[in-house]
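To start, the structure itself, in structure tokens.
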Amino acid sequence: MIRVTGLPQCLMQGEAEEAIRHCRRQIERVGADVERLQRTGQDATRAQALLKTLQQVLAEHEANRDRLAPKDPWIGKPIRHDP
């Protein structure tokens, strides 16, 4: 794991949020492609594999965001600010 030092934590957390938004947009786009391919009777195997990979990457981005988030002092869990 690469640990970045010297950056304010709020900047790293903002970058993590942006990575999550970007990944969600990609998932929506590829998901639409999968649906279109299936609807037209074409092979969607590669698009489905890409979609699964993007979902795994999203989970990693969310875990990174949670790791960077300030912790609730009472329960020790990340404070989530999802819309």
Looking at Asp33 and the list (1) modelled with pLDDT under 90; (2) open to solvent by less than 80 Å² (accessible area, probe 1.4 Å), which single condition is not satisfied? (1)
Pairs with Cβ under 9 Å, 6+ apart, first in the stretch 55-74 and surrounded by 16 or more Cβ atoms within 10 Å (Cβ to Cβ), second of a type in the set (D, E, K, R) and modelled with pLDDT of 90 or more: Leu58/Arg24
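The values are calculated or read from the model by the stated rules, or taken from the named source; none is laboratory data. Everything numeric here is computed off the predicted structure, so don't read it as measured data. So basically every Cβ, Gly included, is an ideal-geometry build from the backbone, and we count neighbours across all protein chains shown. What goes into the accessible areas is simple: the full protein's heavy atoms, side chains included, and nothing from ligands, DNA or RNA. Shrake-Rupley method; radii C 1.70, N 1.55, O 1.52, S 1.80 Å.
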